[in-house]
Each structure stands twice: as C-alpha cells, then as structure tokens.
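Remarks on the structure that follows.
What follows draws every value from the coordinates through simple rules; no lab data is involved. Every value quoted in this text rests on a predicted model; they were computed, and no experiment measured them. Don't worry about glycine lacking a Cβ; one is built from the backbone with ideal geometry, like all the others, and counts go over all protein chains shown.
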Amino acid sequence: MFGDMMGMMNKLKETQKKVEETKERLNYVLVDEQSTDGKLKITLTANRSIKSITIDDELLQDKEMLEDYLIMTINKAIEKATNVNETELAAVAKDGMPDIPGLDMFK
C-alpha cells in the first residue's frame, strides 16, 4: 500500500513537471486569426500573449470600424488560443494521472 502511494506521488510530481514544461512550450506555439476580409490579422501565443497585429490602411481611416475589428478578431484569436492551451494541458494531465480506482475524471 505504502509503495503504491509513493508511486502515485512520484507520478503526480512527474505530471506536474510535464504540465509546467507544456505551459512553457505554449509560449512558442503561435495562433493566427484574421478578420473575414483579411484587413486585420492577429498572432498570439497559445498562452494568449499578443505577438503581432497587422492593420490594413483602410481601417486606420475609421476609428469605430477599427475598434470593432479589433474586438471581434482578438476575441476569436483568444478563443482559438484557449482551445489549443486547454487541449494540450488536458492531454498532459490525463496522461500523467495515476490509476486510482473509481477516479475517472478524464475518461
């Protein structure tokens, strides 16, 4: 019993390390999003840090339109990055969970 408990603790520590490594790696996974007409392009990391924004000159002429484009496109980019982030972290967590009878959270 005690050996099993130590094995589970070691597996949890290993999983925690892998989760931290995955979080760090996600700083380098880039997610691209653009408006439907391509006038605004945004790149951010899977950890949701904006890396670049490209704005068509036409949008610079209309402040309200630019604001609308930014809100819509940034929100879509954040949603996409969040999906990548959650999928990657869930995969690492699921892979590293010890086999505890009755505990099937990730199945």
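Here the simple spin-label model places points 7 Å from the Cα toward Cβ, and for Ala93 and Thr54 these points are separated by 3.5 nm.
When only C-alpha pairs under 8 Å and at least 6 residues apart count, what is the relative contact order of segment 2-96, in percent?
Details: 111 pairs, mean separation 29.6, N = 95.
The normalised contact order for segment 2-96 reaches 31 percent.
Taking every Cα-Cα distance in the chain and sorting them into 10 Å bins from zero, the calculated P(r) comes out as 14, 32, 22, 16, 11, 5, 1, 0 percent. Quick check: the angle from helix 2-25's long axis to the longest principal axis of the chain, C-alpha only, nearest 10 degrees? Its long axis makes an angle of about 10 degrees. Principal-axis analysis of the Cα atoms of the chain puts helix 63-96 at an angle of about 10° to the longest axis. Listed here are the pairs Lys41/Lys63; Lys17/Lys80; Lys51/Lys76; Lys13/Lys76; Lys17/Lys41; which of them are more than 27 Å apart at the Cα? Those over the limit are Lys13/Lys76; Lys17/Lys41.
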